[in-house]
Every structure is written in C-alpha cells, then in structure tokens.
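Comments concern the structure below.
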Amino acid sequence: MYRKTFLFLFAFLLCIPVLNAQYILQGRIIDALTKEPLPFVNVGVLKKELGTVSNEDGFFFLEVPDVFAKETLRFSMIGFDQRDFQVADFEAILLSNNTLVLAEQTTFLEEVVLTAEKKWDTRVSGNATTSKLLITGFTSNQLGNEIALFVKVKKTPAYIEGIQFSVVENIYPEVRFRVNVYSSEYRFPDENILKENIFVTLKQPEGIISVDLKEYDILVDDDVFISLEWIDEDLGSEGLWFSAGVFGKSIYARSTSQAEWKKQRGLSLGMSVTLREASK
C-alpha cells in the first residue's frame with residue numbers, strides 16, 4: 001500500500017510542472033547606440049493579455065504560459081524599431097544573453113507647408129464632465145494598461161494642443177502615465193503617431209489635470225485616439241478614479257502592452273482635447 005501511495009504522489013508531482021509550465025522572461029533593454037537602458041518599453045505577447053513595461057532601469061519581467069510558445073513576443077517603444085520574437089525562441093536568446101538592444105528609428109518627415117495666411121480655429125472635443133458620482137478608471141493595474149478617447153478631427157490639418165481630464169480620487173503620492181496618440185483604423189486605435197514619449201506625473205489627490213502639448217507639434221490629418229497608459233509600478237488596485245459620463249464617446253481600453261483593444265460601452269471617459277484646426 002505504501003509503495004502504491006508513493007508511486008501516486010510521485011506521478012502527481014511530475015504532473016505539476018506540466019500543468020503549470022511557463023516561460024520566465026526577464027532581462028534588460030538598452031539603446032543599441034548608446035548602450036544606455038531604455039525605460040518604459042512596451043513588452044507583450046501580441047494580441048494577448050500578457051504584457052508589461054520595462055522599469056526606469058530598462059529591466060522587465062514577464063511570465064508566459066507555455067501554451068503561447070509559438071505566439072509573437074513584441075518589444076516596442078516610440079522612436080525605436082520594434083522587435084518581434086517567437087516566445088519559445090526568445091527564452092533561448094535570454095539564456096545566452098539577458099540584454100536586448102533596440103535601434104533608434106530612422107524617420108523621414110514629410111514636409112508640411114503652412115502658409116502665413118492660413119487661419120485657425122480652436123475647438124474642444126470630448127467629455128468635459130467633472131462628475132464625482134459617475135466614475136471610471138484603468139481596467140487593471142497591469143503595466144501597459146491603457147484607456148483611450150476617440151477624437152473626431154473635423155477640419156484638417158489640425159494640431160493637438162492639449163488634453164484635460166478630471167481626477168475624482170487619487171490615493172497615491174505620485175503616479176506616472178504616458179500619453180499616446182494613435183491613428184484610427186476601423187474606429188479602433190492603430191499605429192502610435194508620436195515621435196517622442198510624453199509623460200505625465202500626477203501628484204494631486206483630485207481636480208482637473210491639464211497637459212499642454214503645444215511643444216510636441218502633434219499635427220494630424222485624420223481622426224485619432226488619445227490614451228493614458230499606466231507605466232508606473234504596481235501600486236495596488238482601486239486607488240485612482242476619473243470622472244465619467246453617460247453620454248459621449250465610448251471608452252476604448254486594452255489590459256496591457258501589445259494586447260487587443262476593446263470598446264467598452266456604457267460610460268465615457270471624462271477627458272477633453274483641445275484642437276487647433278485649419279479654417280475652411
């Protein structure tokens with residue numbers, strides 16, 4: 001009887017790593033040219049809810065179940081060429097060298113001719129609610145979690161000059177976001193059109209937060225999505241809430257870096273965008 005029990009336990013223990021097998025992916029991301037660490041790089045399994053963001057020193061850590069062995073693992077950051085790997089292959093790469101390099105992107109800017117005679121109109125789009133009864137927030141506290149607002153550009157070209165959002169409650173002494181601007185494809189966020197990172201540090205417990213974007217010269221010629229991305233360390237859940245409204249544009253969200261975007265109906269995010277549009 002003891003021998004049978006031992007054999008059963010041995011067989012059970014052998015099954016545990018099989019049932020819970022996963023890839024432990026961790027390393028450091030650096031600039032190919034300067035060899036300096038790259039902070040806040042988006043790391044994730046493409047179109048899956050498995051992702052993270054590298055920390056200020058370029059280090060990342062991600063657990064991926066082995067059922068995703070043949071899926072694409074993507075590393076991306078504004079201003080750098082993205083790199084894709086098969087999950088299983090990348091583990092082998094990390095065993096030989098736990099450092100990943102990203103090369104700075106070579107971009108060719110299209111010339112935009114704006115005549116001095118052109119007139120501009122300033123318009124505010126979005127939901128300017130400051131409600132404290134209806135609230136919304138990030139869908140999780142996973143690094144790379146994003147919430148986005150669809151922005152209809154009525155007259156082009158147009159500059160995105162600023163955003164405002166209403167914070168109902170913030171229990172953290174300091175928290176950081178990244179502001180992203182995406183092109184629109186079939187009314188969902190597509191490619192990030194920014195040329196450099198835009199970071200926002202929130203310290204106040206509540207109130208209207210205004211972010212001046214004039215210095216970034218964000219010129220658009222079509223509808224876009226503007227998002228807030230969670231890039232700070234795990235600070236726990238339910239500590240940050242924004243105003244929301246019943247009427248207005250739906251919230252678009254994705255749970256983490258490289259995950260699919262989902263449209264969330266019901267509430268609209270309390271965020272507005274200031275546009276400077278060319279007069280017709």
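Could you tell me whether Val153 is crowded, with 16+ Cβ neighbours inside 10 Å and either under 12 Å from the mean Cα position of the chain (by Cα) or outside any loop (DSSP other than H, G, I, E, B) (or both)? Answer is no for this residue.
Quick one: would you say Ile226 is in contact (Cβ under 8 Å) with a residue 40 or more places away in the chain and out of contact with any Ser or Thr (no Cβ under 6 Å at 6 or more places or on another chain)? For Ile226, the condition - in contact (Cβ under 8 Å) with a residue 40 or more places away in the chain and out of contact with any Ser or Thr (no Cβ under 6 Å at 6 or more places or on another chain) - is met. Restricting attention to region 30-82, the residues that are under 15 Å from Asn98 (Cβ atoms) and not in a loop (DSSP other than H, G, I, E, B) total 9.
Listed conditions (1) over 17 Å from the mean Cα position of the chain (by Cα); (2) part of a loop (DSSP other than H, G, I, E, B) are all met by Leu194, apart from (1).
The numbered conditions (1) at pLDDT 95 or above; (2) closer than 14 Å to Glu146 by Cβ are all true for Arg176 except (1).
Residues of region 45-60 that are crowded, with 22+ Cβ neighbours inside 10 Å and over 19 Å from Arg176 (Cβ atoms): Val45, Leu50.
In region 1-57, the residue that is modelled with the lowest pLDDT out of those that are aromatic (Phe, Trp, Tyr) and touching a strand residue (DSSP E or B) at 6+ places or on another chain (Cβ under 6 Å) is Tyr23.
The values are calculated or read from the model by the stated rules, or taken from the named source; none is laboratory data. In this text, all values refer to a predicted model and were calculated from it rather than measured experimentally. Glycine gets a Cβ as well: all are built from the backbone with ideal geometry, and neighbour counts include every protein chain shown.
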